[in-house]
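For reference, the structure discussed in these notes is given below.
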Amino acid sequence: MAPQLKVGFLGLGIMGTAMARNLLKSGLFADVVVWNRSSTKCEELVKEGAKTAATPAEVVKQCDITFAVLADPSAALEVVFGAQGVLEGLSASKGYVDMSTVDESTSQKIAEAVTAKGGGGLRVGG
């Protein structure tokens, strides 16, 4: 049976790129859709089979589950709450897993917003 689940990845620093690459290599997903604030960081993964989206909202709309590994609280909040952010693409059928380097307060704000939109969320790390 062909993979049907589509997965997204926001934030392609050292950790994010490695994690997104492992999702691609696994062959378990119909699509891996990536986004980064610096779009050139997506190019390497696109050459390996990933798709790219112009905004975090587009990634979330296209994917069943979206993972985020962002550098700090400011970046995490902007990607979720900003224009064309995660919340604009989120619906009840979507999952959001935040593995960003953020404090507890930021994590809680994001979790509450994701839950309020009907999305499923999971906070990992800190």
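The long axis of helix 104-116 is offset from the longest Cα principal axis of the chain by roughly 80 degrees.
Estimated from helices alone, the mean residue ellipticity of the chain at 222 nm is -11000 deg cm²/dmol (sum of -39500 (n - 2.57) over DSSP H runs with n ≥ 4, per residue).
Non-local lysine pairs in the chain, meaning eight or more places apart or on different chains, with alpha-carbon distances under 28 Å, amount to 28. Atom-type composition of the exposed protein surface of the chain places 56 percent of the accessible area on carbon and sulfur (1.4 angstrom probe). Here residue 52 and residue 115 are evaluated by their C-beta separation; at R0 = 25 Å the FRET efficiency comes out at 0.35. Under 5 Å between amide hydrogens, built in the peptide plane, is the criterion, and for residue 85 it picks out 57 among residues at least 5 positions away or on other chains. Other residues within the sphere of radius under 11 Å centred on the Cβ of residue 30, judged by their own Cβ, net out at 0 (K and R +1, D and E -1). Computed across the chain, the Kirkwood radius stands at 14.1 Å (inverse of mean 1/r, all Cα pairs). Among the GluC sites (Glu not before Pro) found in the range 1-79, those both in a DSSP coil and sparsely packed, with 14 or fewer other Cβ atoms within 10 Å of their Cβ, are 48.
Excluding ligands, DNA and RNA, what is the solvent-accessible area per residue of the range 1-85 at a probe of 1.4 Å, expressed in Å²? Could the numbers behind the result be given before it?
Working: 4410 Å² over 85 residues.
That works out to 52 Å² for each residue.
Restricting to Cα pairs below 8 Å that are 6+ residues apart, what does the relative contact order work out to for the chain? Please round to a whole percent. Intermediate results must be reported in sequence, preceding the final value.
Details: 257 pairs, mean separation 28.5, N = 126.
Relative contact order for the chain comes out at 23 percent.
The values are calculated or read from the model by the stated rules, or taken from the named source; none is laboratory data. Everything quoted here is computed from the prediction, not taken from an experiment. We place every Cβ from the backbone using ideal geometry, glycine too, and count neighbours over all the protein chains shown. What goes into the accessible areas is simple: the full protein's heavy atoms, side chains included, and nothing from ligands, DNA or RNA. Shrake-Rupley method; radii C 1.70, N 1.55, O 1.52, S 1.80 Å.
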